[in-house]
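Peer 1: Take this structure, written in structure tokens, and hold onto it; I'll ask about it next.
What follows draws every value from the coordinates through simple rules; no lab data is involved. Just so it is clear, the structure is predicted and the values come from calculations on it, not from any experiment. We place every Cβ from the backbone using ideal geometry, glycine too, and count neighbours over all the protein chains shown.
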Ligand SMILES: [Zn+2]
């Protein structure tokens, strides 16, 4: 099997894409911090997340189901509008994966 037949080439591209999406972006990409308040116990906590790096954030469009670290009740939080930290300015232009 040659490296350049279409199927293995496609697999190779997908593998690279996965590495960028799940390894490089969470580690080196922009990070956000959201100040969330638990609707159950009214305590607030910080949540760190990486935009676009996870499938769930794409599916929920800025909303995330999270367990409160204090009372461990799962709630749906709007992590987009509760952002407190802006991502560090990237020196490179954004490349769409
Ligand atoms: Zn709570």
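Peer 1: Simple spin-label model, 7 Å along Cα-to-Cβ: residue 61 to residue 4 in nm?
Peer 2: 4.4
Peer 1: A further question follows. I need the peptides 29-35, 15-21 ranked by packing, meaning the mean over residues of other C-beta atoms within 10 angstrom, with the highest value on top.
Peer 2: Numbers: 29-35: 16.7, 15-21: 12.1.
Descending mean neighbour count gives 29-35, 15-21.
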